[in-house]
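Reviewing the structure listed below.
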Amino acid sequence: MSWNWLGWLLWIAAIAFLVYVIHYIRVKQLMLIAKTHQRFEKGLFFRYVVLVVIAIAWLGFMGYATWFRPVSYADSSAVTTKTTYTALQLSSSGNDYYYVRVNHSNAGNHGVVSYTYQTQDGNYTTSAYFSSLADGNNVLPATAMDLPWNKKKLNQTDTQTGHAFVATMTVRYKNTLMNGIGIRANHIAIQYNLIRIPSDDMEIQK
C-alpha cells in the first residue's frame with residue numbers, strides 16, 4: 001500500500017478545515033452582531049486571523065508538496081530510475097533512408113514538436129519536450145544532461161548499435177512518506193527519450 005492515502009487524507013482535511021474556518025467566522029460574526037450590535041471585537045478578530053493563517057498555510061503546504069516541491073532525478077532516496085536501450089531500424093521515404101523523422105509545427109516558428117522512429121517492435125512518435133536528438137560526436141546532448149544517465153552504458157550501446165539507438169529513461173517516485181503527502185508515490189516523474197543517430201544526414205524534416 002502506498003503512502004498516497006495520507007496525501008488524499010491531508011488534502012480532504014485541509015479543505016474541510018478551510019470550510020470550517022469560513023463557517024466559524026460567519027457564525028461568530030452573526031452572534032456578535034446579534035448580541036452586541038457591533039461588528040468588531042478584538043479577541044475574535046485575532047482568533048479569525050490565527051485560523052485563516054493556519055488554513056492558508058496548510059493548503060499552501062499541500063500545494064507545494066503536490067505540485068511544486070522539486071525533486072532531483074538523481075536522488076536515489078526519492079526516486080527510482082530505469083533505462084532501456086533499443087536499436088533503431090532504418091526507414092525509407094522514396095529513395096531516402098533515415099532513422100528519425102523530425103516533425104515540425106505548422107504554426108508559429110515551425111519548431112520541432114515530435115520525433116518519429118522505428119525499432120524492431122514498431123514505429124514510435126515521442127514529444128520533443130521529453131526527448132533529445134543526438135546526431136553529432138557526443139552521445140549525450142546538452143539538453144539531456146540533467147538526467148542521471150549511465151554514460152558508460154550509453155557509450156557501449158553507441159558502439160554496439162552503430163550509433164543508432166533510443167535510450168528511454170523512466171524516473172518513478174519512491175513510496176516514501178513525503179512523496180505520499182504529495183500524492184506522488186509510485187507515480188512516474190518523467191519518461192525521457194534520448195534518440196541517437198550517426199549524423200544529421202540520417203534524419204528527415206517534416
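The values are calculated or read from the model by the stated rules, or taken from the named source; none is laboratory data. Please read these numbers as outputs of a predicted model, since none were measured by experiment. Cβ sites come from the backbone with ideal geometry, for glycine too, and all protein chains shown count toward neighbours.
Restricting the stretch 177-200 to residues that are in a loop (DSSP other than H, G, I, E, B) and in contact with a Lys or Arg (Cβ under 9 Å, 6 or more places away or on another chain), the residue that is surrounded by the most Cβ atoms within 10 Å (Cβ to Cβ) is Arg184.
Residues that are of a type in the set (Phe, Trp, Tyr) and over 21 Å from the mean Cα position of the chain (by Cα) within the stretch 140-194 comprise just one, Phe165.
Residues in the stretch 68-81 that are part of a helix (DSSP H, G or I) and touching a residue at least 12 places away in the same chain (Cβ under 8 Å): 0 in all. Between Ala14, Ala34, Ala74, the distinction of being in contact with a strand residue (DSSP E or B) (Cβ under 9 Å, 6 or more places away or on another chain) and of a type in the set (Gly, Ala, Ser) belongs to Ala74 only. Among the residues here, Ser131 does not qualify as within 29 Å of Trp8 (Cβ to Cβ), out of contact with any helix residue (DSSP H, G or I) (no Cβ under 8 Å at 6 or more places or on another chain) and polar (S, T, N, Q). Residue pairs whose Cβ atoms lie under 7 Å apart, sitting 6 or more positions apart in sequence or on different chains, and linking a residue in the stretch 33-50 that is under 14 Å from Val21 (Cβ atoms) and in a helix (DSSP H, G or I) to a partner that is among the charged types (D, E, K, R) and modelled with pLDDT of 85 or more, are Leu44/Lys28.
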